[in-house]
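The values are calculated or read from the model by the stated rules, or taken from the named source; none is laboratory data. Just so it is clear, the structure is predicted and the values come from calculations on it, not from any experiment. Every residue, glycine as well, gets a Cβ built from its backbone with ideal geometry; the counts of neighbours run over all protein chains shown.
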Amino acid sequence: MKKQLLQTFLVLLLMVLYPKYSFAKIGADITYRCLGSGKYKIIAKIYRDCRASAFNNPTLQVFAGTSGGNGCGSYTLSTTRTGIRNITPLCSSATVPCTPANTFATGEGVEEHTYETTVDFSVTPLKGFVGNSSCCEVTFAIGQCCRSAAITTGSASNDFWATCMINICNIAKTTRKCNSAPDYSNAPIQFLCCNQPYYFNNGIVDTIDYDSITIKMASGVAALPNTSISYSSPFTARYPMTPYCIPPGKVDCSPNVSTKPARGFYLNESNGDIIFTPTNCNEVGVVVVEATEYRKDSATGAFLIIGKTRRDVNLYVNDCDYNKTPTLVGANYLRICEGEKLCFEIQGQDETFTPYQTIPDTVKLSWNQTIPKATFSILNPKDRDKKAEFCWQTKVGDAKDYPYHFTVTATDQHCPKPLVCAKGFQIMVTPKPISVYKINAAACGKFSFVASAPSGFKGTPSFRWALRDSLDKTDLLVSFKKADSFYYPKGGKFILSHSISTSFG
């Protein structure tokens, strides 16, 4: 009994000495997978600060309504923790934090706790939402008291909820009558270095349905169904932390990621890149990104919102030792026609922090493997600044109205705390251009020709006609017109070549 009381006293003493770590949760995201026949697996990931108290028994709720409301009722569901893993970036010689798992005060690090449950829209209570136009937006929410007491930008110690939404009415209007949410395929990087650029991408990708996704900053949820957390002035959901700005002290200056250091708080709403340089060395902010999924209505072709997911995390800014964040160099938006092969290089670079850093860091590159059958190869593993080649042989049928996504992560292997850069890349695969043409023979060695792009053709077509010799080696006559005519230069056998190409603005 005395030993147990002593252990309890020590834990309480640590919480008094370090109150800002007394709450475990520093983030969460929640997604879902379609299992067919009206069944979905709900997957929630809770991110725990390993310096904080253990995390157990979150509450999972489901409700339905419109505009994020719960007018159709709210119900509590059971859930099971299926795994705990350490996601702290580590160099090779670092001591692993968060050991043993889910234990108070086990070092600066982050654990990922995964909770899962399966729901069925063909049975109560979810059955009551189906077929009711007032219950289209079905929201799943996981949470618990409380947000971290360390938060400096507003909402410290408030209740915490992470949410995802399935629009069952809009999904029913599409060809595929089920939907799986996108993955947040990159674990969050939540410890930032003051005055060092933060380059991060959550890796929001849909590798099951390949639906269109847009990304925006959003407000955290303090109470269900949709009560937003409050931000201390001048912070907002769009500008949640203090970036490097001119003049200093502003948080909403116009972003410029080409400056050194990066200026403003930048979000690429298409590929999900987040870039800013934190300048308040004791700041802890709440940063929430929301991914909205779209799919075409099978009857009208209009894009419909079929779901939303959120990742809500705390970002901790600390003074770090002399080290610079690695960077990634490579084109981040490319366009090819289906059936073509694409290869390009991506380089990870790390600048030595002279004169303080005498041993340069080695860069490690990885990708999130979200494009099937594509390859990512390190060209020379012995190089300090690694260079990788991404290659993808597309096939006819891969074309979409929106780009494919993948991310690359560079880690500088600096000890004891490596810095990380994650960047998004997009590849737009367009339909293979097909020409509809007609050739008419005329008298006296003359013939005419005309071509057109088929219905639904995208981009600006360019046409080329060539009259070639019988060996198909030499152009004798060439025209770049949509319609034209040639005279045979002499008697014999000739080959008429025609091609169409596409250019996009």
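One line per residue, one yes/no per condition, for (1) in contact (Cβ under 8 Å) with a residue 60 or more places away in the chain; (2) over 21 Å from N368 (Cβ atoms); (3) among the hydrophobic types (A, V, I, L, M, F, W, C):
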| residue | (1), (2), (3) |
| --- | --- |
| P182 | yes, no, no |
| P188 | yes, no, no |
| I204 | yes, no, yes |
| P225 | yes, yes, no |
| C245 | no, yes, yes |
| D252 | no, yes, no |
| Y266 | no, no, no |
| S270 | yes, no, no |
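Check whether at least one residue in segment 431-449 is within 28 Å of the chain's Cα centre (by Cα), at pLDDT 85 or above and surrounded by 16 or more Cβ atoms within 10 Å (Cβ to Cβ), and report yes or no. Yes, that holds for at least one residue. Against the numbered list (1) in contact with a strand residue (DSSP E or B) (Cβ under 9 Å, 6 or more places away or on another chain); (2) of a type in the set (A, V, I, L, M, F, W, C); (3) surrounded by fewer than 17 Cβ atoms within 10 Å (Cβ to Cβ), C421 comes up short only at (3).
Any residue in segment 149-160 that is touching a Lys or Arg at 6+ places or on another chain (Cβ under 6 Å), crowded, with 18+ Cβ neighbours inside 10 Å and of a type in the set (A, V, I, L, M)? Scanning segment 149-160 turns up at least one residue that is touching a Lys or Arg at 6+ places or on another chain (Cβ under 6 Å), crowded, with 18+ Cβ neighbours inside 10 Å and of a type in the set (A, V, I, L, M). Within segment 333-344, residues that are farther than 11 Å from A399 by Cβ sit with their Cβ atoms under 8 Å from residues that are small (G, A, S) and loosely packed, with under 14 Cβ neighbours inside 10 Å, at 6+ positions apart or across chains, in these pairs: F344/A331. Of Y244, Y231, all but one fail to be buried (at least 18 other Cβ atoms within 10 Å of the Cβ) and more than 15 Å from L315 (Cα to Cα); the exception is Y244. Tallying residues that are modelled with pLDDT of 95 or more and surrounded by fewer than 17 Cβ atoms within 10 Å (Cβ to Cβ) within segment 132-148 yields 3. When you look at R238, is it surrounded by fewer than 17 Cβ atoms within 10 Å (Cβ to Cβ), in contact (Cβ under 8 Å) with a residue 12 or more places away in the chain, closer than 25 Å to N332 by Cα and not β-branched (V, I, T), yes or no? Yes, satisfied. Where strands (runs of 3 or more DSSP E) fall entirely within segment 376-488, those with at least 2 residues that are touching a His at 6+ places or on another chain (Cβ under 7 Å), closer than 30 Å to N202 by Cβ and not aromatic (F, W, Y) are at 420-430. It is to be established whether one or more residues within segment 470-490 are touching a residue at least 40 places away in the same chain (Cβ under 8 Å), touching a Ser or Thr at 6+ places or on another chain (Cβ under 8 Å) and hydrophobic (A, V, I, L, M, F, W, C). Yes - at least one qualifying residue is present in segment 470-490.
Do we find a residue being part of a loop (DSSP other than H, G, I, E, B), surrounded by 23 or more Cβ atoms within 10 Å (Cβ to Cβ) and of a type outside the set (S, T, Y) anywhere in segment 163-171? Taking every residue of segment 163-171 in turn, none turns out to be part of a loop (DSSP other than H, G, I, E, B), surrounded by 23 or more Cβ atoms within 10 Å (Cβ to Cβ) and of a type outside the set (S, T, Y).
If the condition is being among the β-branched types (V, I, T) and not in a loop (DSSP other than H, G, I, E, B), then segment 336-361 contributes I336, I346. The residues of segment 477-495 that are surrounded by 14 or more Cβ atoms within 10 Å (Cβ to Cβ) and either modelled with pLDDT under 85 or polar (S, T, N, Q) (or both), listed by number, are S479, S485, Y488, F494.
Among the conditions (1) at pLDDT 95 or above; (2) part of a loop (DSSP other than H, G, I, E, B), S366 misses just one, which is (2). Taken together, F265, F303 contain a single residue that is surrounded by 15 or more Cβ atoms within 10 Å (Cβ to Cβ), outside the structural domain of N380 (by TED's automatic domain parsing), under 30 Å from G65 (Cβ atoms) and not polar (S, T, N, Q), which is F303.
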